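Please read the structure below before turning to the comments.
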Amino acid sequence: MKICFVSAEYPPFTVGGAGVYAKNLSYELAKLGHEVHVISLGFDGGVKDSIEDDVLVHRVPVLNKPFLKIPFYWLRLRRFFRKLDKNLRGFDLLHGNVTSDFSLTK
């Protein structure tokens, strides 16, 4: 299956357990043979898309300002997801890590 895992937190940008959970779950799904993509935040001019442990990590560029990064992520997430979904010809499964990701539908 082609799986999209959406999480504002993903290493190296973690505050609590959500990022660790996202990393471990996506890694284990990839080990089972699934094509796993993670959409997480990244800072303008900072970390770019990468492949980590057979997981494709896509970064939504946001401003690195304490009170702006999460709202910018939410605002840009929907457009970013739709573009990625179209370019990859669709995902079989979409997993949102927190309720803020429910603006996406699959």
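Annotations for the structure displayed:
- Which of K31, K23 is most accessible, then next, and so on - probe 1.4 Å: K31, K23
- Mean accessible surface per residue for the chain, computed with a 1.4 Å probe while every protein chain stays in place, in Å²: 59
- Rounded to 10°, Cα long-axis angle of helix 17-31 versus longest principal axis of the chain: 30
- Within the chain: Cβ-based charge dipole about Cα centre, in debye rounded to nearest 20 (Lys, Arg +1; Asp, Glu -1): 520
- Virtual spin-label span in nm between K83 and K65, 7 Å along Cα→Cβ: 2.1
- Pairwise Lys count, the chain - Cα closer than 15 Å, eight or more residues apart or different chains: 6
- Calculated SAXS-style log₁₀ I(q)/I(0) at q = 0.19, 0.23 Å⁻¹ - segment 9-88, Debye, Cα scatterers: -0.85, -1.18
- Of all accessible heavy-atom area on the chain, the percent that carbon and sulfur account for (1.4 Å): 59
The values are calculated or read from the model by the stated rules, or taken from the named source; none is laboratory data. Computed from a predicted structure; not experimentally measured. Positions of Cβ are generated from backbone atoms using ideal geometry, with glycine treated the same way; all protein chains shown enter the neighbour counts. Keep in mind that these areas ignore ligands, DNA and RNA; they rest on the heavy atoms of the full protein, side chains included. Shrake-Rupley method; radii C 1.70, N 1.55, O 1.52, S 1.80 Å.
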